[in-house]
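The values are calculated or read from the model by the stated rules, or taken from the named source; none is laboratory data. Being a predicted model, the structure only gives us computed values, none of them experimental. Cβ atoms come from the backbone with ideal geometry, glycine included; neighbour counts cover every protein chain shown.
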C-alpha cells in the first residue's frame, strides 16, 4: 500500500511539473501553394521534416507566439506557420460578398458567437485563426488579409463584452505586418521586410488602449533620398547603396513622433553596427 501511495504521489507530481497540453485540430491551408513545410525549428531556414498538402490534418500543441505553431502531423512533431493553417470546421465561415473599387475582396466571416465580421482582403480565401492578442485571457479573431513571400498582413478583431471589435492601429494603414506578441511586456510588435534582405525594414511597437493599438515606437530603415531644385525643376535622387535609419517615439505625439536617433550608413557591412544601435534605442526604457 505504501508503494502504491508513493507511485500515486509521483504521478501527481509529474502532472504538476508537466501539465497536459491542450490540442486543437487544424487543417493545412496555404493560399499560395498546395502544401506547407513542417519545420524542425520555428524559422523558414530550419530543416524541413516534410511537406503536407492542403487539407491535411495537424494537431496544434502550442502557439509559439511568433507566428508559428508547435504541431503534430503524420506522426512527427515540429513547427508550421500559423498563417498556413485554419481551424478544422471553419469551412464556409469566410466568404467573399463583393469587391471594392480597387478590386479587393469584401469578406464576411461568421465568428463562434454568430456575429458577422467584415473586412477587405487581397486573398480570396484568407486564413483566419483564434488567438489572445490583447492579453486578457480571451481568444480574439486574427484574419490574414495579404500574404507575400516575406510579409504577412493581418487585422485583429478583439472580443470584449460578448462582441468582436476591429482593432484600430493609427499610423499603420496596410494592416499589421508579421506581428509578434510579447505578453510579458504587453506589447505587440510588427516587422515589415521591405527589401535588401531586410536592410530596408519597418518595426513598430504597440500597446493596447481599450480595443485599439497605440503606436509607441517605430524604427524605419529606408533608401536615402535627396531632393535637388534647379531651373524650376525638382529631381529626387535615390541612393540604393545607402540607408537612412530613424527611431521615433510616439508616446507624446501620435502623428509625427519625437526623433530619438538617426543615422545614414552605406550598405557595405558597416550597417550592422547601426542596426544594433537602432535596436537598442527602439527598446530603450521598455525592456
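Scan the stretch 250-287 for residues that are over 12 Å from residue 218 (Cβ atoms), within 23 Å of the chain's Cα centre (by Cα) and either surrounded by 12 or more Cβ atoms within 10 Å (Cβ to Cβ) or free of Cβ contacts under 8 Å to residues at least 40 places away in the same chain (or both) and report the count.
Count: 7.
Spot the failing condition for residue 173; the list is (1) assigned to a strand (DSSP E or B); (2) exposed (fewer than 12 other Cβ atoms within 10 Å of the Cβ), and only one is missed.
(1)
Quick one: residue 224 ticks every box in (1) loosely packed, with under 13 Cβ neighbours inside 10 Å; (2) at pLDDT below 90 bar one, so which box is it?
Among (1) loosely packed, with under 13 Cβ neighbours inside 10 Å; (2) at pLDDT below 90, the lone unmet condition for residue 224 is (1).
Which strands (runs of 3 or more DSSP E) does the stretch 194-263 wholly contain that include 3 or more residues that are more than 30 Å from residue 156 (Cα to Cα) and out of contact with any helix residue (DSSP H, G or I) (no Cβ under 8 Å at 6 or more places or on another chain)? Full working, then the answer.
Details: elements: 200-209, 212-230, 233-249.
Per the criteria, 212-230, 233-249.
Go through the stretch 265-284 and give me each residue that's outside any helix (DSSP H, G or I) and modelled with pLDDT of 95 or more.
Answer for the stretch 265-284, where residues must be outside any helix (DSSP H, G or I) and modelled with pLDDT of 95 or more: 283, 284.
Can you name the strands (runs of 3 or more DSSP E) wholly within the stretch 39-137 that have at least 3 residues being more than 25 Å from residue 174 (Cβ to Cβ)? Before the answer, list the steps.
Details: elements: 48-53, 57-63, 68-73, 76-81, 85-87, 94-99, 105-110, 116-121, 128-131.
Ranges flagged: 48-53, 57-63, 68-73, 76-81.
State yes or no: is residue 251 modelled with pLDDT of 95 or more and touching a strand residue (DSSP E or B) at 6+ places or on another chain (Cβ under 7 Å)?
Spelling it out, it is not the case that residue 251 is modelled with pLDDT of 95 or more and touching a strand residue (DSSP E or B) at 6+ places or on another chain (Cβ under 7 Å).
Quick check on the stretch 198-207: of everything there that is under 21 Å from residue 284 (Cβ atoms) and in contact (Cβ under 8 Å) with a residue 40 or more places away in the chain, which residue is surrounded by the most Cβ atoms within 10 Å (Cβ to Cβ)?
Within the stretch 198-207, the subset under 21 Å from residue 284 (Cβ atoms) is 201-207.
Retained after the next criterion (residues that are in contact (Cβ under 8 Å) with a residue 40 or more places away in the chain): 203, 205.
Numbers: 203: 19, 205: 22.
Across the stretch 198-207, the extreme among qualifying residues is 205.
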